[in-house]
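In what follows, a structure is listed as structure tokens, so that the remarks can point back to it.
The values are calculated or read from the model by the stated rules, or taken from the named source; none is laboratory data. All values reported here derive from a predicted model rather than from experimental measurement. Because the Cβ atoms are built from the backbone with ideal geometry, glycine has one as well, and the counts that use them run over all protein chains shown. What goes into the accessible areas is simple: the full protein's heavy atoms, side chains included, and nothing from ligands, DNA or RNA. Shrake-Rupley method; radii C 1.70, N 1.55, O 1.52, S 1.80 Å.
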Amino acid sequence: MRSKDRISYFYDGDVGNVYFGPNHPMKPHRLCMTHHLVLSYELHKKMEIYRPHKAYPVELAQFHSADYVEFLQRINPDTTNLFPEEMAKFKLGEDCPVFDDLFEFCQIYAGGTLDAARRLNNQLCDIAINWAGGLHHAKKCEASGFCYINDLVLGILELLKYHARVLYIDIDVHHGDGVEEAFYFTDRVMTVSFHKYGNMFFPGSGDVKEIGEREGKFYAINVPLKDGIDDGSFTRLFKTIIAKVVEIYQPGVIVLQCGADSLAGDRLGCFNLSIDGHAECVRFVKKFNLPLLVTGGGGYTKENVARCWTVETGVLLDTELPNEIPENDYIKYFGPECSLRIPTGHIENFNSKSYLGSIKMQVMENLRSIQHAPSVQMQEVPPDFYIPDFDEDEKNPDERNDQHTQDKHIHRDDEYYEGDNDNDHHMDD
């Protein structure tokens with residue numbers, strides 16, 4: 001048992017500048033709201049706070065194809081019409097629009113997850129948090145589901161340099177398809193995703209029968225759920241499956257994607273989870289006392305996303321937070337009650353006991369097919385990724401320090417509508 005966890009937390013205020021466009025449900029502004037809520041509860045005093053480096057294109061190309069990375073780097077909203085073939089090839093467009101500073105946005109959130117993995121690898125912390133990360137749908141050569149660069153795959157590849165086995169857990173309402181696909185043929189990574197499945201729900205994958213192939217057979221676990229699952233059913237199933245996974249797989253490190261669209265009242269979700277139910281999963285994973293990398297993910301009712309990830313930051317710090325939200329720059333978003341907890345939802349629960357029992361039985365049966373943790377012959381550990389000689393901090397430290405004296409306080413009135421659950425209404429442009 002560790003005496004006290006050392007926690008590294010990654011944040012760059014520039015992520016909140018990014019705007020996907022009117023009517024688009026993804027609001028990076030939620031990251032500013034989360035950070036300021038974390039500050040208002042004074043949780044920053046219990047962690048080491050870092051601004052991540054901006055991931056270099058060559059780092060992103062450790063997973064993504066070089067031509068895809070290069071295109072993301074040079075495309076901008078004014079030039080999309082010049083490249084219709086590439087836009088279609090790389091699946092850029094409606095769900096994954098090209099917006100100002102798109103590539104820098106990807107560099108920041110991917111850099112945070114890479115830095116988090118490296119600090120864990122070098123035993124500089126026990127838990128690393130990057131709420132800007134967790135964009136689990138991006139594929140090797142294409143964008144998908146609001147995700148452009150798959151920071152989770154990049155982070156896991158980094159962790160594999162030091163760890164024989166990595167466990168990936170995903171509690172986003174959507175299937176973690178990009179991460180599963182990247183490691184579908186290997187036993188070095190076990191992916192476990194709890195998600196809504198069926199009725200054409202995005203991305204359409206994640207059946208319990210998808211279990212991995214070749215060396216990866218039985219190392220992909222999918223827990224497909226129906227609308228309306230509640231705290232009790234979800235957390236019971238989660239704890240039973242994850243306890244057995246950790247016992248059998250014996251991972252050296254865990255990556256936990258905490259997509260908040262599985263919360264009740266999410267704009268795109270269909271579950272009934274309260275923040276306490278969602279956070280209980282984080283608390284359970286923390287108790288294994290394994291190195292832990294925690295990211296965000298989906299979440300489209302942004303005031304609830306901020307509440308959730310703040311509560312979960314508290315859980316990781318073993319700190320109980322009072323329900324009354326302290327004064328902060330975004331307090332108006334949490335009115336009129338200004339309370340931290342939200343109640344469970346009231347969607348009908350279509351997950352019968354017999355259905356959940358059959359899913360659990362199939363997962364346990366697949367786990368029994370793994371007799372013991374796979375033996376991996378570890379090679380000599382390669383050096384941390386080669387970074388080019390120049391250093392942005394050294395190029396012009398005065399300018400950089402001045403620019404980031406404090407993280408920007410960003411209010412986006414075009415993203416906030418009183419009392420309508422953050423929907424974009426009455427937008428003409």
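Among G112, G21, G259, the largest mean-square fluctuation in a Gaussian network model of the chain, built with springs joining Cα atoms closer than 10 Å, belongs to G21.
Per residue, the accessible area of the chain comes to 42 Å² when a 1.4 Å probe rolls over the protein heavy atoms.
Protection proxy ranking of 231-240, 47-56, by the mean of other Cβ atoms within 10 Å over each peptide's residues and highest first, is 47-56, 231-240.
Run the numbers on region 198-265 and let me know its relative contact order in percent, using alpha-carbon pairs under 8 Å that are six or more apart. Could the numbers behind the result be given before it?
Working: 25 pairs, mean separation 12.4, N = 68.
After rounding, I find 18 percent.
Pairs from the list K226/K360; K217/K287; K91/K196; K161/K287; K89/K217; K244/K360 with a Cα-Cα gap above 20 Å: K217/K287; K91/K196; K161/K287; K89/K217. The packing ranking, built from the mean of other Cβ atoms within 10 Å per residue, places the peptides 349-356, 38-45 in the order 38-45, 349-356, highest first. When the helices of the chain are scored as -39500 (n - 2.57) per DSSP H run of n ≥ 4 and the total is divided over every residue, the value at 222 nm lands at -9500 deg cm²/dmol. Amide H to amide H, with H built 1.01 Å from N, V98 comes under 5 Å of G93, counting only residues 5 or more places away or on other chains. A cut-off of 5 Å between modelled amide H atoms, ignoring neighbours fewer than 5 places along the same chain, links G133 with G296. Derived scalar couplings between HN and Hα for region 343-350 equal x, 5, x, 10, 5, 4, 8, 8 Hz in order, rounded to whole Hz, by the Karplus curve 6.51 cos²θ - 1.76 cosθ + 1.60 (θ = phi - 60°), x for Gly and Pro. When you restrict to C-alpha pairs under 8 Å that are six or more residues apart and normalise by the size of the chain, the relative contact order lands at 19 percent. Largest GNM mean-square fluctuation among L31, L293, L321, using the chain with Cα springs under 10 Å: L321.
Taking N as the residue count of the chain, its C-alpha radius of gyration divided by 2.2 N^0.38 Å amounts to 0.93.
Evaluated at q = 0.12, 0.19 Å⁻¹, a Debye calculation over the C-alpha positions of region 98-234 (equal weights, vacuum) places log10 I(q)/I(0) at -0.50, -1.16.
About its Cα centre, how strong a charge dipole does the chain have in debye, to the nearest 20, once Lys and Arg get +1 and Asp and Glu get -1 at the Cβ? Please report the intermediate quantities before stating the final value.
Working: 42 positive and 69 negative charges, 457 e Å.
So the magnitude is around 2200 debye.
Rolling a 1.4 Å probe over the protein heavy atoms of region 220-313, with every protein chain left in place, gives an accessible area that is 48 percent carbon and sulfur.
With a Förster radius of 22 Å applied to the C-beta separation of Q123 and A243, the computed FRET efficiency comes to 0.30. Hull volume per residue, based on the alpha-carbon atoms of region 166-243 and their convex hull, is 80 Å³.
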